[in-house]
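The values are calculated or read from the model by the stated rules, or taken from the named source; none is laboratory data. What you see is a predicted model, and the numbers here were worked out from it, not measured in a lab. Note that each Cβ is placed from the backbone with ideal geometry, even for glycine, and that neighbours are counted across all protein chains shown.
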Amino acid sequence: MKTNELTLQDPIERHGESIAVLTFRVPTVRDLELVDDIESTLKRTIHIMANVCQWTPDEVSALSIRDYKAFEAALFDFLE
């Protein structure tokens with residue numbers, strides 16, 4: 001499956017390594033199914049993001065707001 005990249009404005013530490021580029025795949029219907037029972041839109045989005053970049057929800061939550069918003073925009077381009 002094709003992957004996309006997002007350059008982070010505020011790199012984060014992950015597994016002792018500085019991450020400046022986030023690589024993620026196109027979301028699938030399964031990704032949506034996995035979060036269907038989560039009521040909070042924010043938490044649902046964070047879980048989808050974690051799935052498509054193979055991070056944990058806590059790691060996604062460590063993104064700066066501007067990187068989160070950029071990731072959200074890139075992700076929702078696929079969902080519209």
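Some points to look at:
- Residue check for LEU75: in contact with a Ser or Thr (Cβ under 8 Å, 6 or more places away or on another chain) and at pLDDT below 95: yes
- Top-ranked residue of segment 20-52 - restricted to ones that are assigned to a strand (DSSP E or B) and exposed (fewer than 15 other Cβ atoms within 10 Å of the Cβ), ranked as nearest to the chain's Cα centre (by Cα): THR23
- The residues of segment 6-19 that are in contact with a strand residue (DSSP E or B) (Cβ under 6 Å, 6 or more places away or on another chain) and surrounded by 10 or more Cβ atoms within 10 Å (Cβ to Cβ), listed by number, are LEU6, THR7, LEU8, PRO11, ILE12, ILE19.
- Count of segment 56-71 residues which are out of contact with any His (no Cβ under 9 Å at 6 or more places or on another chain) and surrounded by fewer than 17 Cβ atoms within 10 Å (Cβ to Cβ): 8
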